[in-house]
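The values are calculated or read from the model by the stated rules, or taken from the named source; none is laboratory data. Given the structure is predicted, the values throughout are model-derived calculations rather than measurements. Positions of Cβ are backbone-derived with ideal geometry, glycine not excepted, and every protein chain shown enters the neighbour counts.
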Amino acid sequence: MRKITLSNGKVVEVECLSCALISGLVDLDGEVVIETEYFHAHQDVAYPIKGLVILASKRHIKCLDELTEEERIDYINILSKIREAQREVLGIEHVYYFYNEDTTHHFHTWMVPRYEWMYKFGRSIESVRPVLLHARNVMNNHDNITEVRKAIRLLAAKLNK
Ligand SMILES: [Zn+2]
C-alpha cells in the first residue's frame, strides 16, 4: 500500500492511485473531463493550466504496447476528440503530449496546451517540466484555479453531449 497526498491535502492509502481514481474511491473533485469504455480523462488542478488534460488507461497497465486493439482505437479516438474540444471551446492552437512508461500510475498521456508565456522556458521537451512547476508554484491562485475549473466544465460539456 502507498500513502498518497491528494491535491486537496487529503491523504489516502491505496494499492494503485489510478485504480482508486477510476473506481471512484478517490474523489476527483470536479476534475473529470470524459470517460470512455477504456479511458478516463481528467485535469489535475495541482498543475493549474487551462485545458491541461491527463488521459489514463482504466486497465492497470503501463506501456503503449500493452493496449489491446480495442483500447488502441479508443485511445486515439478520444485523444483526438479531446484535442478537437480544446481547440473549439478554448481556442488552443498547439498541444504538447507527454507520456512515460516508468510510472507508478497507469498508462497515461499528458496533454499540455501551449500558451505564449511558456516560450520563456524553451520551445520543446526541455520546457515541459519548468512549465508545469511554474504553473504549480506561481499560478496556484484563486482566480487562475477558477479559470481552470471553468475550462474543465467547458471541455466536459463539449465532450459529453
Ligand atoms: Zn492500477
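See the values below:
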| read-out | value |
| --- | --- |
| Whichever residue in region 1-41 is at pLDDT below 80 and among the polar types (S, T, N, Q) and, among such residues, is nearest to the ligand (Cβ to nearest atom) | S23 |
| Some residue of region 72-94 being closer than 25 Å to F39 by Cα, over 17 Å from the mean Cα position of the chain (by Cα), surrounded by 12 or more Cβ atoms within 10 Å (Cβ to Cβ) and of a type outside the set (A, V, I, L, M, F, W, C) | yes |
| From V138, V89, residue being among the β-branched types (V, I, T), over 26 Å from K161 (Cβ atoms) and more than 16 Å from the ligand (Cβ to nearest atom) | V138 |
| Residues of region 122-134 satisfying the condition of being at negative phi and either surrounded by fewer than 16 Cβ atoms within 10 Å (Cβ to Cβ) or small (G, A, S) (or both) | R123, S124, I125, E126, S127, R129, P130, L133 |
| Residue ranges of strands (runs of 3 or more DSSP E) in region 1-40 with at least 2 members closer than 21 Å to A157 by Cβ | 32-35 |
| Residues of region 96-150 that turn out to be among the aromatic types (F, W, Y) and in contact with a helix residue (DSSP H, G or I) (Cβ under 7 Å, 6 or more places away or on another chain), as a count | 4 |
| Failed item, numbered, when D44 is tested on (1) more than 21 Å from G30 (Cα to Cα); (2) in a loop (DSSP other than H, G, I, E, B); (3) among the acidic types (D, E) | (1) |
| Positions within region 49-77 being more than 23 Å from I125 (Cα to Cα) and in a helix (DSSP H, G or I), in sequence order | E66, E69, E70, E71, R72, I73, D74, N77 |
| Residue match in region 95-109 (condition: without any contact (Cβ under 8 Å) to a residue 12 or more places away in the chain and outside any loop (DSSP other than H, G, I, E, B)) | no |
